[in-house]
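The structure appears right after this line, and notes come after that.
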Amino acid sequence: MAGLYELLGIIFLLMLFLSVLIQIIMRNIFNSGSIQLEELARFSLVSLVFLMIPVLTWRGQHIIVDIVILYLPERLKRWFSAISQLLVMVFGLYVLNAIVTIMEFNWNVRTPALAMPNVVFYIPITLGVLAMCIFSLAGAIITLRGREVVQ
Amino acid sequence: MSGSMVVLMFLVLLTTGLPIAVSMGIPSALYLIVANIPPSQLIQRMVTSLNSFPMLAVPLFILAAGLMNSSGITERLFEFAKLLVGRLKGGLAQVNIVASLIFSGISGAALADVGGLGNIELEAMEKQKYPKTHAAAITAASAVIGPIFPPSIPLIIYGAAAETSSMQLLIAGILPALIIAIALMVQVAFFARRYNYPKGVESKYSRTEVLTIIKRGLPSMFMPLIMMGGMLSGLFSPTEVAAIAVAYSLVLSAIYKELSFASFIKTCKETLQSTASVLFIVASAAIFAWVLTVEQLPQQVSALMLGISDNPVVLLILANVILLIAGMFLESTAAIMILTPILLPPLMASGVNPVHFGLVMVFNLMIGMITPPVGMSVYMLSPIVKLPVGKVFKAVMPYLFSLLVALVILTYVPQISLWLPSLLFN
């Protein structure tokens, strides 16, 4: 599943790059900028960040400050790691709740240039946060079972 | 729940090994719950912070640097730098600084410099029997230049946080980066005599060798020139320059035939990882900073600082101390997002230019990347040189002297940062 999210991330990254590049070409050669392309690039950035968050969670690649836990005994380190992952899940659930609150009233509000409904704009964000919750829960269980210390 | 409680909770969570972004998100979410503010505020703030045109430059600059590394362009830059200063005593240590300066004209992140150029530099220095600690120290210290010289990811993030033109910030970084490079080169020259470093290149280059190196390195050297030229001429915005850098890297990779499809995908994956880890912090810091603003923490700090003095010299000393300490413990993106709205208002009230302060802030935080306990450049270098982190920290300490001298110069001579932007943007 992390691989699929990464693949989607690559697609959004290339879309972002091409949108900006095509916009430069259009503006400088054809003298016509495109606000749609700019919005597409920004949508790609938001999407790739949120889609990659669960991948970082699963692989323990988030930026952390480990000066304290580094010196803890292995057993305690495992507990800290599991609790951290559960806290990530709790935060993810709150963010999901926040998305639901927005969608309740504003699901049909459209973006200015592409006229994309909010519900579409938020799909990658929701998928990312949902997967972050699942991955962090799975990570906590794996860590507690002692199969592997997932940071 | 007060602003100071939110900050305290963040610091406690931070030390438990929780991702920095989540350490900021949880206290913010709790604040919203306690203050009965709709949760939609959180996700809206997070998304809005990323949904901006200047932020698009972040993944593009990371991708450009990754492509340069994967396609052998970095090695060509190193050879070119060797041609320029390799014949000096302690030549490879000087090459290390010059190559970092050239590479920083492409990458914009200190860690990209350590990870990309670092390996090549360390290998070359090891061959010339430099002590491992010395080689690691100069590699870490010279990487500080990266985020000062344009393009710079931290400066772009500061621009978003301070609502200041990122173009002006990037242009403002040119002269300060040169000052830092010169300060480091002077110290290396001193060390070269003291520790009897060898020359980087023993014999003189033949005419054919010079031409070959120039021929090999020139297309890569065009990259920083295109980027600087594009920005200085006002033809392209920083984001557009970043896209051009990616396109140019792809063209060069095709010419050099050193980038396979597999390594392209690998580079994309690494770009995604770096981008998401930095921008997740930016997104969480947006709601965290908003909570602090609602709690009027910036106003309180502002009143406190202006109560001490309204003299910009005194306030800059205070800001430098705060930033150096913050840089020792906080990741730079988080520090920029949290501290900019807190420190900038009192400094601006005393007459400090936000562009100048941006440079001072980023330089302070970059020094934090080589100081214990959270010096990320050192943590990244330690496994490469196969030395304990503590030894690398100890070795890099002497270079703090030249960096701090450069910091004092940049802090108290704002003209160094502001001259070019004022010349170009009137």
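Counting only protein heavy atoms and using a 1.4 Å probe, what share of the accessible area of the stretch A:44-94 belongs to carbon plus sulfur, as a whole percent?
69 percent
Among all the lysines, which ones have a C-alpha under 28 Å from B:LYS215's C-alpha, if same-chain residues fewer than 8 places away are not counted?
B:LYS82, B:LYS89, B:LYS127, B:LYS199, B:LYS204, B:LYS257
Given the options B:ASN36, B:ASN69, B:ASN364, state which has the largest fluctuation in a GNM of chain B using a 10 Å cut-off (strictly under) for Cα springs.
Comparing B:ASN36, B:ASN69, B:ASN364 in a Gaussian network model of chain B, the most mobile one is B:ASN36.
Suppose R0 equals 22 Å; then what is the FRET efficiency for B:THR293 and A:ILE35 from their Cβ-Cβ distance, rounded to the nearest 0.05? Present the calculation step by step, with values, prior to reporting the outcome.
Details: r = 30 Å, r/R0 = 1.36.
Approximately 0.15, to the nearest 0.05.
Please report the carbon-and-sulfur percent of the accessible area for chain B; probe 1.4 Å, protein heavy atoms only, DNA, RNA and ligands left out.
On the way: 10360 of 15470 Å².
C and S fraction of accessible area: 67 percent.
Test of understanding: in a Gaussian network model of chain B with alpha carbons linked when under 10 Å, which of B:SER152, B:SER220, B:SER52 would top the mean-square fluctuation ranking?
B:SER52
Classify chain B as rounded, prolate or oblate, taking a ≥ b ≥ c as the square roots of the eigenvalues of its Cα gyration tensor: rounded when a/c is under 1.5, otherwise prolate if a/b is larger than b/c and oblate if not. Display every interim value, and only then the final one.
Details: a/c = 1.72, a/b = 1.53, b/c = 1.12.
The shape class here is prolate.
So what are the ³J(HN,Hα) numbers for the stretch B:199-216, from phi and the Karplus equation (6.51, -1.76, 1.60; θ = phi - 60°), rounded to whole Hz, Gly and Pro as x?
5, x, 10, 6, 9, 5, 5, 6, 4, 5, 4, 4, 5, 4, 4, 4, 4, 6
Are there any residues in the stretch B:21-35 with a reduction of at least 40 Å² in accessible surface when going from the isolated chain to the assembly of protein chains? Probe 1.4 Å, please list them by number.
B:VAL22, B:ILE26
Sorting B:TYR412, B:TYR399 by accessible area (1.4 Å probe), largest first, what list results?
Numbers: B:TYR412 85, B:TYR399 5 Å².
Sorted descending by solvent-accessible area, the residues read B:TYR412, B:TYR399.
If we count every other residue with Cβ under 13 angstrom of B:VAL201's Cβ, Lys/Arg +1 and Asp/Glu -1, where does the sum land?
Working: positive: B:LYS82, B:ARG87, B:LYS89, B:LYS127, B:LYS199, B:LYS204; negative: B:GLU79, B:GLU202, B:GLU209.
Around B:VAL201, the surrounding residues sum to +3.
So how much accessible area does A:ARG27 have, in Å² to the nearest 10, using a 1.4 Å probe?
90 Å²
Quick check for you: which residues of the stretch B:1-29 have the amide N under 14 Å from the point 7 Å beyond the Cα of A:LEU72 toward its beta carbon?
B:12-19
Averaged over peptide A:11-22, how many Cβ atoms belonging to another chain are found within 10 Å of each residue's Cβ?
Mean partner-chain Cβ count within 10 Å for A:11-22: 5.
Separation between the B:GLU202 and B:GLU126 pseudo-spin-labels, each 7 Å from Cα along Cα→Cβ, expressed in nm?
Distance between label points: 2.1 nm.
At 7 Å along the Cα-to-beta-carbon direction for both B:VAL314 and B:SER4, put a label point, then send me their distance in nm to one decimal.
2.2 nm
Could you please report the charge total around B:THR133, scoring K, R as +1 and D, E as -1 over all other residues with beta-carbon less than 11 angstrom from its beta-carbon? Mind showing how you got there, number by number?
On the way: positive: B:LYS132, B:LYS391, B:LYS394; negative: none.
Result for the local shell: +3.
May I ask you to give the solvent-accessible area per residue for chain A, in square angstrom, as obtained with a 1.4 angstrom probe? Walk me through the numbers on the way to the answer.
Numbers: 7240 Å² over 151 residues.
That works out to 48 Å² for each residue.
With just the Cα atoms defining each centre, how far is the stretch B:1-77 from the stretch B:394-418? Give it in Å.
The stretch B:1-77 and the stretch B:394-418 have Cα centres separated by 28 Å.
Quick one: check the C-alpha center-to-center distance for the stretch B:209-233 versus the stretch A:1-58, whole angstrom.
28 Å
Rounded to the nearest 10 Å², what accessible area does B:LEU178 have for a 1.4 Å probe in the complete protein model?
Here the residue's solvent-accessible area equals roughly 70 Å².
Other chains' Cβ within 10 Å of B:387-399 residues: what's the mean? Write out the running numbers ahead of the final one.
Values: counts 0, 0, 1, 0, 0, 0, 0, 0, 0, 0, 0, 0, 0.
The shielding value for this peptide is 0.
For the protein assembly as shown, what class follows from the C-alpha gyration tensor (a ≥ b ≥ c being the square roots of its eigenvalues): rounded when a/c is under 1.5, otherwise prolate if a/b is larger than b/c, else oblate? Please list the in-between numbers first.
Details: a/c = 1.41, a/b = 1.32, b/c = 1.07.
Rounded shape, in that the Cα axes give a/c under 1.5.
Given the options A:LEU45, A:ILE69, A:LEU56, identify the residue whose Cα lies farthest towards the positive end of the charge dipole of the stretch A:9-151 (+1 on Cβ of Lys, Arg; -1 on Cβ of Asp, Glu).
Highest projection toward the positive end goes to A:ILE69.
Using label points projected 7 Å from each Cα along Cα→Cβ, tell me how many nm separate B:ILE409 and A:ILE83, to one decimal.
4.8 nm
Hey, which lysines would be in cross-link range of B:LYS394, C-alpha to C-alpha under 16 Å, not counting anything within fewer than 8 residues on its own chain?
The qualifying lysines are B:LYS132, B:LYS386.
Which whole-number value in Å² is the accessible area per residue of the stretch B:1-155, probe 1.4 Å? All intermediate terms of the calculation are to be shown ahead of the outcome.
Numbers: 4130 Å² over 155 residues.
Value for the stretch B:1-155: 27 Å² per residue.
What does the structure give for A:114-125 when I average, per residue, the other chain Cβ atoms found within 10 Å of the residue Cβ?
Numbers: counts 0, 0, 0, 0, 0, 0, 0, 2, 2, 0, 0, 4.
What the average comes to for A:114-125 is 1.
Chains B and A: what accessible area do they bury, summed, in square angstrom to the nearest 100, with a 1.4 Å probe?
Separately minus together, B and A give about 4900 Å² buried.
Using a Förster radius of 25 Å, what is the FRET efficiency between B:SER233 and B:TRP419 based on their Cβ-Cβ separation? Nearest 0.05, please. Before the final figure, lay out the partial values.
Values: r = 18 Å, r/R0 = 0.72.
That gives a FRET efficiency of 0.90.
Please work out the FRET efficiency for the pair A:LEU137 and A:PHE105, using the Cβ-Cβ distance as r and a Förster radius of 22 Å; give the result to the nearest 0.05. Kindly include the intermediate steps, with their values, before the conclusion.
Details: r = 29 Å, r/R0 = 1.33.
Here the calculated transfer efficiency is 0.15.
The values are calculated or read from the model by the stated rules, or taken from the named source; none is laboratory data. Here the structure is a predicted model, which is why all the values come from computation and not from measurement. All Cβ positions, even for glycine, are placed from backbone atoms using ideal geometry, and neighbour counts span all protein chains on display. Just the protein is used for accessible areas: all its heavy atoms, side chains included, with ligands, DNA and RNA removed. Shrake-Rupley method; radii C 1.70, N 1.55, O 1.52, S 1.80 Å.
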